[in-house]
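Student: Here it is, the structure in full.
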Amino acid sequence: MTSSAHGHPSAFPKPGHNHARCTSDALRRAEAVCASRKVRLTEIRRRVLEAVWQSHVPVGAYDILSQLNAGGGRTAPMQIYRALEFLMDNGLVHRIASLNAFIGCAHMGEDNHAAQFLICRSCGTTAELESAPLKRALIQAVAERGFTIDSQIVEISGFCPHCTPKGRT
Ligand SMILES: [Zn+2]
Ligand SMILES: [Zn+2]
Ligand SMILES: [Zn+2]
């Protein structure tokens, strides 16, 4: 058997899957990336990354803050933003601009990958699509217009395989 018809196995994980494993895998990979980049995954950075990985739904900075402070902690918003910046700079987390929220990178350690995001309007699950042909097509179309790409992040909204669109709004 070759790869499944649904593409990347973790694209849209089933509701009720063993998410603790996604989180522990992500933290393990993040630590490997940090080690190879010789940067430190400090306690606060690790906790923020863990909060981002609480689900496959992008999470806002203030949700992360209240989660970290739930047990009576006194983390300041600035610490969250600094940690998020570190995580983004090192390719561990992406910002979803249309939601002003953050999602764990599904391709940690792969430098310079272009990211396309599929955002479910019903459950909020956001999957990262890593389409090389799409990237090439975009680069070519942009180059034809004499434009140089600085960063390219595409956000696509719709419905994931586990959610059925209920009519049109
Ligand atoms: Zn999961
Ligand atoms: Zn990514
Ligand atoms: Zn969905």
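Student: With θ taken as phi - 60° and the coefficients 6.51, -1.76 and 1.60, list the Karplus ³J(HN,Hα) couplings across region 83-92 in order, rounded to whole Hz; mark glycine and proline as x.
Tutor: Rounded to whole hertz, the list is 5, 4, 4, 4, 5, 6, 4, 9, x, 9.
Student: Applying the Karplus parametrisation 6.51 cos²θ - 1.76 cosθ + 1.60 with θ = phi - 60° to the phi angles of region 53-70, what ³J(HN,Hα) value in whole Hz is obtained for each residue in order, glycine and proline being reported as x?
Tutor: Residue by residue, region 53-70 yields 8, 4, 7, 9, 9, x, 10, x, 4, 6, 5, 5, 4, 5, 5, 5, 9, 4 Hz.
Student: Also: About the Cα centre of region 60-169, what is the dipole size in debye to 20, counting +1 per Lys and Arg Cβ and -1 per Asp and Glu Cβ, all else neutral? Working shown, then result.
Tutor: Values: 9 positive and 10 negative charges, 92 e Å.
So the dipole magnitude of region 60-169 works out to roughly 440 debye.
The numbers here are math on the coordinates, done by the rules we state, and not lab data. Please read all numbers here as calculations on a predicted model, not as lab measurements. Virtual Cβ from ideal backbone geometry, glycine too; neighbours counted across all protein chains shown.
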